[in-house]
Ligand code: CDP
């Protein structure tokens with residue numbers, strides 16, 4: 001069983017996907033961490049994020065053991081990830097790993113931007129999780145402040161807006177809702193309510 005969770009930055013998809021995986025006893029993959037790790041490795045090699053060959057090389061040599069590196073959630077890394085994520089060769093290099101992860105038994109939950117559209121178009125359940133821009137900026141602001149980063153709300157809002165634009169506007173696997181994805185708008189839902197509504201939907205699909 002494969003559950004695909006896609007959506008824009010700071011929409012709550014990661015928290016939701018992680019909870020769903022633990023509820024159903026499925027494996028969980030944060031695919032954003034792959035792109036974040038590629039950006040980290042390009043920088044560590046003193047190469048430019050806009051250098052496609054350097055990004056492809058980092059993607060091909062990515063060590064999955066480093067995906068839990070807390071640095072990946074640091075300020076600015078999401079932005080860097082969206083720069084390397086535009087390159088088709090980077091996406092291709094990461095695809096097989098994601099697809100083989102998705103085949104794990106008894107099931108897997110993957111969250112990202114193109115899981116329901118490109119990585120696992122045959123996923124059993126597809127969720128497109130979104131929330132208003134202001135609310136997403138508020139959540140990311142609190143997440144970063146909790147880690148003691150000096151950020152302003154206005155700065156975060158602008159970063160998220162730009163990143164969404166880049167993710168939606170790119171040619172390779174742009175962020176878009178799959179036609180068969182269930183839309184979950186979490187603007188007015190806390191994580192508990194979002195989780196409940198996703199479980200109801202998934203249980204219905206499992207029982208049908
Ligand atoms: O947690 P947040 O929503 O801020 O970001 P993320 O899911 O960690 O993704 C970081 C960046 O990686 C995104 O802005 C995308 O550019 C890229 N990404 C992607 O292109 N495809 C995916 N399946 C996952 C992430």
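Each value in this text was obtained by applying a stated rule to the coordinates, not by laboratory testing. In this text, all values refer to a predicted model and were calculated from it rather than measured experimentally. No Cβ is skipped: glycine too gets one built from the backbone with ideal geometry, and neighbour counts run over all protein chains shown.
Highest mean first, the peptides 46-54, 135-143 sorted by other C-beta atoms within 10 Å per residue fall in the order 135-143, 46-54.
Measuring nothing but how far apart in sequence close Cα pairs (under 8 Å, 6+ apart) lie, relative to its length, the chain scores a relative contact order of 33 percent. The Cα center of the range 109-162 and the Cα center of the range 1-52 differ in position by 10 Å. Mean residue ellipticity at 222 nm from the helices of the chain, using -39,500 (n - 2.57) per DSSP H segment of n ≥ 4 over the full residue count, to the nearest 500 deg cm²/dmol? When only DSSP H runs of four or more count, the value is -16000 deg cm²/dmol.
P(r) for the chain, from all Cα pairs and a bin width of 10 Å, is 9, 36, 38, 16, 1, 0 %, short bins first. Once C-alpha pairs closer than 8 Å and six or more residues apart are averaged by separation and normalised to the residue number of the range 123-208, the relative contact order reads 43 percent. Max-minus-min Cα coordinates of the range 1-51 on each principal axis give 41, 20, 15 Å, with the largest extent listed first. Stretching the chain fully between residue 143 and residue 199 yields a gain of 17.7 nm (0.36 nm per residue, less the alpha carbon separation). Between residue 190 and residue 207, the modelled label-to-label distance comes to 2.7 nm, taking each label 7 Å out from Cα in the direction of the beta carbon.
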